[in-house]
Amino acid sequence: MNKKTYFITGGGTGGHIYPAIAVADELLKEEDTEKIYYVGNPDNLEATIVKDKNYEFLPVKSSGMPRKISLALVIWAVKMFFAWIKCCFYIVKYKPNRIFGTGGYVSAPVLLAGLTMKVPFVMHDCDANPGLVTRKLAPFAKSVSIAFDAAKERLNNPDCRTNGNPIRSEFATISKLEARKELNLDPKKLTICIMGGSQGAKTINQASIGILKTLSQDYYVQIIFQTGKKNFDSVIKQLEVVYPEFKRDKNLIVKPYFDNMAIVLKSCDIAISRAGSLSISELCASSVAAIYIPYPHAAADHQRKNAKCMLEQGAGMYLEDAETNPETLQNALSQLINNPEKLKHLQDSASKLAKFDGVKKIIAQLKEE
């Protein structure tokens, strides 16, 4: 059998990393896979995640491009040049047959090295409005995988395929009952997840802190609150003031981060979330009714576009970040908690958009000669 070696790249945020990890994990199970290398920034989240995997991590220092002409732009260009040289060296040393990139600035030098060294690469972009790296390098890609049909109009590649986002296999196999048991939650009680992505979200945290006690005691629901690592201490301090008994509340789980979001999301009925594409895909795969609060400073405003796509398809609710406070958030939640028909409609609509075969389709695309 002609076995193949792959470079996987993409990093900076969970939206770039987890799709890459999902593809790498599945590739590892393939009989014709010889070796997988993950090329990423050693200072980013991808390095932490990959250390427990069965593939080797190849470090490359890279950073986001300054958008104005300045000394910082010159320094960035020099750094990227040396990152490209290093990636070319990796290609000479490890001889990959294919490169798969999910975007983010860390993938740029890897894909450029692939172009230079004539190694075919396939790209995946998870957003309705594709990122800068995808837009600039798509014309040179063997083919492009996308999560939203709307992305096609912004990409100059004749072979763009809507595969959905690659998500981990647990989303298709874990039941709600199993997930709640894993988290020691009441199997019959309505469950809400509050999250702001892998980095957390200050606006969502601040609005949620003021209504946790009401949700638990008046609405009789259970809440999973992921604060984000950098915001956890601040959230705890504020909760100790506004709700001193929160640590004894069996309806409440507060953690900085969950390693297995599949367990968390599959246990939930409702979610309050940013509108990153991967989060949307995982919420759909979990049949969750989501209230999307897009990050207002996301590159090219892609989160707002993602959220509006969901709203147009009747698969979610929408709040602007600037309008999010305890009152507006509680009002949005009340519309779902007190209206089982609306709750079920959103859940069913989200479920219909779920794509569980994204990983398999991308791997087939990656292997095409």
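The values are calculated or read from the model by the stated rules, or taken from the named source; none is laboratory data. Note that the structure is a prediction, hence the values are computed from the model and not measured. Backbone-built Cβ (ideal geometry, glycine too); neighbour counts: all protein chains shown.
For region 166-176, indicate whether the set of residues that are in a helix (DSSP H, G or I) and over 19 Å from the mean Cα position of the chain (by Cα) is non-empty. Explain how you work it out, then say what you get.
As a first pass, look at region 166-176 and keep what is in a helix (DSSP H, G or I): 170-173, 176.
Those still in the list that are over 19 Å from the mean Cα position of the chain (by Cα) too: 173, 176.
Looking for residues that are in a helix (DSSP H, G or I) and over 19 Å from the mean Cα position of the chain (by Cα), one finds at least one in region 166-176, hence yes.
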Out of the residues in region 149-177 that are more than 17 Å from I362 (Cα to Cα) and without any contact (Cβ under 8 Å) to a residue 40 or more places away in the chain, which is surrounded by the most Cβ atoms within 10 Å (Cβ to Cβ)? L155
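Mind checking which residues of region 60-75 are exposed (fewer than 14 other Cβ atoms within 10 Å of the Cβ) and not polar (S, T, N, Q)?
Initial filter on region 60-75 (exposed (fewer than 14 other Cβ atoms within 10 Å of the Cβ)): 64, 67-75.
G64, R67, K68, I69, L71, A72, L73, V74, I75, listed by residue number.
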Can you find a residue in region 29-45 that is closer than 20 Å to K361 by Cα and either assigned to a helix (DSSP H, G or I) or not assigned by TED's automatic domain parsing to the domain that holds L137 (or both)? yes
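Checking the condition in contact with a strand residue (DSSP E or B) (Cβ under 7 Å, 6 or more places away or on another chain), among the basic types (K, R) and over 29 Å from S281 (Cα atoms), which residue from K95, K79 passes?
Details: K79 fails: in contact with a strand residue (DSSP E or B) (Cβ under 7 Å, 6 or more places away or on another chain).
Only one candidate passes the filter, namely K95.
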Would you point out the residue of region 316-369, among those that are at pLDDT 95 or above and of a type in the set (K, R), that is farthest from I8 (Cα to Cα)? K342
Tell me yes or no: at least one residue of region 137-145 is part of a strand (DSSP E or B), modelled with pLDDT of 95 or more and touching a Cys at 6+ places or on another chain (Cβ under 7 Å). yes
Whether any residue in region 217-229 is more than 21 Å from E327 (Cα to Cα) and either exposed (fewer than 15 other Cβ atoms within 10 Å of the Cβ) or in contact with a Cys (Cβ under 8 Å, 6 or more places away or on another chain) (or both) is what I want to check. yes
